[in-house]
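Notes follow the structure.
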Amino acid sequence: MKRKLESMEDLLQAVEYYGFLPFFPNDIPGFSVEEMCAPAYWFAEDRDGPWEWKGPAAQTKRCAYGKLFRKKAGFVSREWLPELVNFLIEECSKRKINISLPSLRIDAFSLDVMSKVQDVKKSSLTFAPEAGTQRLRDVINKGLTEEVILQGAREAFEGGWSHVKLYFMLGLPTETEEDMKGIPELAERMAEAYYEIPKERRNGKCQITMSTSFFVPKPCTPFQWARMYSPEDYLGRARIVNHTMKQQHNQKSLKYNWHEAYVTVLEGVLARGDRKVADAIETAYKMGALYDAWGETFHYEIWTAAFEKCGLSIDFYNTRERSLDEVFPWDFIDTGVTKAFYKREWERAMQEKITPNCRQSCSGCGAKRFGGGVCFENQNSVC
């Protein structure tokens, strides 16, 4: 593949060849849009940054940025986050637009980026520990330790934040009551970290909001064999979290929200249902199931009646145990990742074993046969 790009066709071919193409200079000399393209050809000469596209780039729906993403390009290095934020801050501050960071891995969180976002307007930060205990985070291969989570929170608090949102899941495979109680206990330790900061340096009272959704196993994942639970079971788990929260020393700084349990059960059926579920969906529609995304118009009893009318059992799709040799309705779909890999990962999860990130070590999932992407970022990896 040639290193000099002189046309849009060259650029898109490079994206197809490498699997991605970063926009900014990186550790690989010459491996970025800026370095591989002639500035006079792609950018305005008086540009302030690499965002004012000209020439053929401007003809692809006014933004080669979007064109590249449709062609598998993307940002793959966290080092570019500050540069992106700088651009957003400059553009948004002119329009008095607030910037809110999405849910982030706490170990990847940059204090420098936080402080820059804060320059526009403070907003709450969202972290996603997913599970309340280290054991359960290992089961879902989250790759985060409590020390890293709390350190990320301390850096956020030191940076001036006082409102934090935490996202968790209830009903994960192998979950115990200890794991449920671990959610508010982790939030309590986070609140304690805030109040360890001298009062004169705090930004008022802190607010730690915990939000839990109920886990819905998805096809083509290691947890496609996992069972779900009844609405009553889910609500019981939420009550354990809520009761434990009220026992914490800093309970006035803690808040808890949970997802609708009956919606979760329906999501589970739709996620792993077979073609027979289509009849139940049509029947529910004819029985008046409309605008179900709005809580006030969602009626679970319509759906249960529709499934019963079609001779289908919700428990069959959700709560039964599934054997490893079961043939799934989606097995004919080729995602590139093999079912054997999913089985290995399911078994590793049950053993509470972490699988390294693909960039650290290849686990032989099968996707390398596609000939691009993360599998080829490090040619020394063996798949």
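Step through the table entries Lys165/Lys218; Lys142/Lys252; Lys343/Lys368, compare each Cα-Cα distance with 27 Å, and write down the pairs that go over it.
Going by Cα-Cα distance, Lys142/Lys252 fall outside the 27 Å limit.
Fewest first, what order do Leu235, Leu254 take by the number of other Cβ atoms within 10 Å?
Least to most surrounded, the residues fall as Leu235, Leu254.
Would you please give the FRET efficiency between Val374 and Lys309, computed as 1/(1 + (r/R0)^6) with r the Cβ-Cβ distance and R0 = 45 Å, to the nearest 0.05?
0.45
Assuming R0 = 35 Å, what is the FRET efficiency of Glu347 and Tyr195, from their Cβ-Cβ distance, to the nearest 0.05?
With R0 = 35 Å, the Cβ-Cβ based efficiency is 0.25.
Please give the length that would be gained between His249 and Cys220 if that part of the chain were fully extended, namely 0.36 nm times their separation in residues minus their C-alpha to C-alpha distance (nm, one decimal).
Length difference between fully extended and current span is 6.2 nm.
Once you have the Cα-Cα distance between Lys339 and Ala278, take 0.36 nm times their residue separation minus that, and quote the gain in nm to one decimal.
19.5 nm
Suppose the chain between Glu158 and Tyr291 were pulled fully straight at 0.36 nm per residue; how much longer would it get relative to their current alpha carbon spacing?
Full extension of this stretch gives 43.5 nm more.
I'd like the trypsin sites (Lys or Arg not before Pro) in the range 244-313 restricted to DSSP loop residues with at most 14 other Cβ atoms within 10 Å, sorted by number.
Filter output for the range 244-313: Lys246, Arg275, Lys276.
When Glu158, Glu321 are ordered from fewest to most other Cβ atoms inside 10 Å of their Cβ, what list results?
With the sparsest Cβ surroundings first, the list reads Glu321, Glu158.
Treating only the Cβ atoms of Lys and Arg (+1) and Asp and Glu (-1) as charged, compute the dipole magnitude of the range 211-327 about its Cα centre; round to the nearest 20 debye.
So the dipole magnitude of the range 211-327 works out to roughly 500 debye.
All of the numbers you see were taken from the coordinates with simple rules; none came from a lab. Because the structure is a prediction, the values reported are computed rather than measured. With ideal geometry, Cβ positions are generated from the backbone for all residues, glycine too; neighbour counts draw on all protein chains shown.
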